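We did not get these values from a lab; they are worked out from the coordinates using the rules stated. Quick caveat, the model's predicted, so the values are computed rather than measured. Cβ atoms come from the backbone with ideal geometry, glycine included; neighbour counts cover every protein chain shown.
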Amino acid sequence: MFVNGSCQEMDAIGMLMKDMNKRDWYTMYNKKRVELMRCFKEAQEEREVCRVMEELRKEERAKAF
């Protein structure tokens, strides 16, 4: 399926295209998409924190030996 992304009318497809073209997810028109993006971004940040903590743990363990 192809969709014209420049279509930004005030109908369902246009509003979807407006949301998909926004850089700031929290300003999307569809509140369900905002909630999904918030969950995704928070999970992504949590994964990054876990990755950094795991690297620090490995470095400290290597120093201990």
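Numbers below:
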{"item": "Cα long-axis angle, helix 12-21 against the chain (0 to 90 degrees, to the nearest 10)", "result": "40 degrees"}
{"item": "Charged-residue dipole, Cβ positions (Lys, Arg, Asp, Glu), the stretch 12-64 about Cα centre, Debye nearest 20", "result": "200 debye"}
{"item": "Charge context of Tyr29, other residues only, Cβ under 10 angstrom, K/R +1, D/E -1", "result": "+3"}
{"item": "Calculated [θ] (222 nm, deg cm²/dmol) that DSSP helices of n ≥ 4 give over the chain, each run adding -39,500 (n - 2.57)", "result": "-23500 deg cm²/dmol"}
{"item": "Calculated Cα Rg over 2.2 N^0.38 Å (choose from (1) 1.34; (2) 1.81; (3) 0.99), label", "result": "(2)"}
{"item": "Sites Asn4 and Arg33 - FRET efficiency at Förster radius 22 Å, r taken between beta-carbons, to 0.05", "result": "0.70"}
{"item": "Asp24-Glu59 FRET efficiency (beta carbon distance; Förster radius 30 Å; 0.05 resolution)", "result": "0.30"}
{"item": "Listed residues Asn4, Met20, Phe40: farthest to the positive end of the dipole of the chain (Cβ charges)", "result": "Phe40"}
{"item": "Degrees, to the nearest 10: 31-64 long Cα axis against longest axis of the chain", "result": "20 degrees"}
